[in-house]
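Step one of this worksheet: look at the structure below.
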2 protein chains.
Amino acid sequence: MTESNKPSLEVCLSPALLHLFDVKNSIVVIIDVLRATSTICTALYNGASRVIPVASVEECVNIGRAIGGITAGERDGRVAEGLVHGNSPFEYPREFVENKTLVLTTTNGTKLLHMAKDAIQIVTGSFPNISAVCDYLIAQNQNVILGCAAWKDRVNMEDTLFAGAVVNRIKAHFDVNCDSAIAAETLYETAKGDIYTFMTQASHYKRLAQYGLEKDIHYCLTPDGANVLPLFKDGELIAG
Amino acid sequence: MTESNKPSLEVCLSPALLHLFDVKNSIVVIIDVLRATSTICTALYNGASRVIPVASVEECVNIGRAIGGITAGERDGRVAEGLVHGNSPFEYPREFVENKTLVLTTTNGTKLLHMAKDAIQIVTGSFPNISAVCDYLIAQNQNVILGCAAWKDRVNMEDTLFAGAVVNRIKAHFDVNCDSAIAAETLYETAKGDIYTFMTQASHYKRLAQYGLEKDIHYCLTPDGANVLPLFKDGELIAG
């Protein structure tokens, strides 16, 4: 807690900066907008019993086999060798995913999640579940770190924009003494009128658009399409 | 060089991210707006023969004694013990600094400068010499990394704003495929109408304002008050 008696709200723009933050005394929101954390809330919203995030394709295959789960993950824009499904939220409608376990490997999001393991609580956030995330953070009254998964440690636009959107919604309840948070919110304020067009400048947009994933990007930038809160417990993400 | 045949222009928001950039094949601009790089260009503009940036107070004292230079540096807002002058650009008018050597210790800027030692060329930038920096970068036609010194590796507002101001001025000559650069420019675009008021939100503003340094901050945010280019050569910064 800070002088103002409100908990602090900070934004960590890259996993390579997480050591600068007091993870142990904070709730950490893992943000990997394109597309891991958008897909995670979508699968849980559509009734998946849990999502197990893993770092490697090998781990994904092994766990998937052991528990009979859906194995999913991409490398360089394609379903990774040995896995059956990809990173798109549209691959996980209710009729497919309900009551199943999704074992998902992603590079950036999973790495950050494991780095934040000592946090008071880890949740995942993205535009499709922004209201659930914000309601939860306000209710907890704890310090919050909005952790951007970034792209191979490089600061990216979409995760920064989401962090800014959250700051914009909940800042009255927190002490915001963090230039990254102010910068992210300013960026979001500029972009919010047409966030999709704003994103067309971004490096990840260009990568995904060349795979024909504009529809995914639209979904991943739209609020509350899968408004559930993924809570990380014992290595699994479950609907809170 | 990139596909467009233009050199690349990137922004590194913190020294803790510099390893992600191709320093060896780039010109690196060291940015420490409040106040090291503002003071460096001011001293050179006012006729100092050179500025020697050093990491520690001890090094500063030793080198200053050996060469008869002016020793300067602050820790926690005060002139550091053993040194004679501080970080304010107003301490270095022509009548004091002309033809002298300034030995300056700063925490954030010096650290980044040493990290970037393999660059094609290191220069220092801040609002008081923004035109000199931009003219130089355009003329070189090389890849550029705008390196923010930040605050103990934490992303800060003032260095990000300056990086954004440079992107805004020179982007037509470069390939900008870097989300940090786009974000910094967007931030600058929002702030530029009244950059001083925008900065009053920032953490470093609050630190310096409590020491009564608003006048310094105004100067450090104003373009072209000391429009000379500090070039780093053999451990020294000289006017280019």
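Between residue B:120 and residue A:90, the modelled label-to-label distance comes to 4.2 nm, taking each label 7 Å out from Cα in the direction of the beta carbon. Only DSSP H runs of four or more residues enter the estimate; each adds -39500 (n - 2.57), and after division by the residues of the protein assembly as shown the mean residue ellipticity at 222 nm equals -10500 deg cm²/dmol. Relative to the longest principal axis of the C-alpha atoms of chain B, give the angle of the C-alpha long axis of helix B:130-140, reported between 0 and 90° and rounded to the nearest 10°. For helix B:130-140, the angle is close to 50 degrees. For residue A:156, the residues whose modelled amide H falls within less than 5 Å of its own, excluding neighbours fewer than 5 places apart on the same chain, are A:150, A:151. Residues B:186, A:190, ordered by accessible area of protein heavy atoms at a 1.4 angstrom probe radius and largest first, appear as A:190, B:186.
Remark: label point of residue B:194 defined 7 Å out from Cα along the Cα-Cβ vector; separations to the same position in other copies 2.8 nm, ascending. Across peptide B:12-20, the average count of Cβ atoms from other chains found within 10 Å of a residue's Cβ is 5. If the segment from residue B:206 to residue B:65 were pulled out straight at 0.36 nm per residue, it would be longer than the present Cα-Cα gap by 47.3 nm. Computed with a 1.4 Å probe over protein heavy atoms only, the accessible area of residue A:50 comes to about 60 Å². If you run the Gaussian network model on chain B, springs between alpha carbon atoms under 10 Å, then out of B:19, B:204, B:114 the most flexible one is B:19.
Convex hull volume of the C-alpha atoms in region B:91-240, normalised per residue: 127 Å³.
With N as its number of residues, the protein assembly as shown has a Cα radius of gyration that, divided by 2.2 N^0.38 Å, comes to 1.04. Here is how far apart the residue A:62 label points are across copies: 5.1 nm, shortest first, using a point 7 Å from Cα toward Cβ.
Ascending distances from the residue A:172 label point to its copies in the other chains, with the point 7 Å along the Cα-to-beta-carbon line: 4.4 nm. At the residue level, residue A:206 shows approximately 90 square angstrom of accessible surface with a 1.4 angstrom probe and all protein chains present. Take residue A:196: with every protein chain present and a 1.4 Å probe, its accessible area is about 40 Å². Cross-link check: pairs A:192/B:192; A:192/B:206; B:24/B:233; B:24/B:192; A:152/A:206; A:117/A:206 evaluated at a Cα-Cα cut-off of 22 Å; pairs beyond the cut-off: A:192/B:206; B:24/B:192; A:117/A:206.
Peptide B:181-191 has a mean of 5 when you count, residue by residue, the C-beta atoms of other protein chains within 10 Å of its C-beta. Take each residue in A:154-162, count the other chain C-beta atoms within 10 Å of its C-beta, and the mean is 4.
The values are calculated or read from the model by the stated rules, or taken from the named source; none is laboratory data. In this text the structure is predicted, and so the values were computed from the model without any measurement. As a convention, Cβ positions derive from the backbone with ideal geometry for all residues, glycine included, and neighbour counts pool all protein chains shown. Quick note on the areas: whole protein, heavy atoms, side chains included, nothing else; ligands and nucleic acids left out. Shrake-Rupley method; radii C 1.70, N 1.55, O 1.52, S 1.80 Å.
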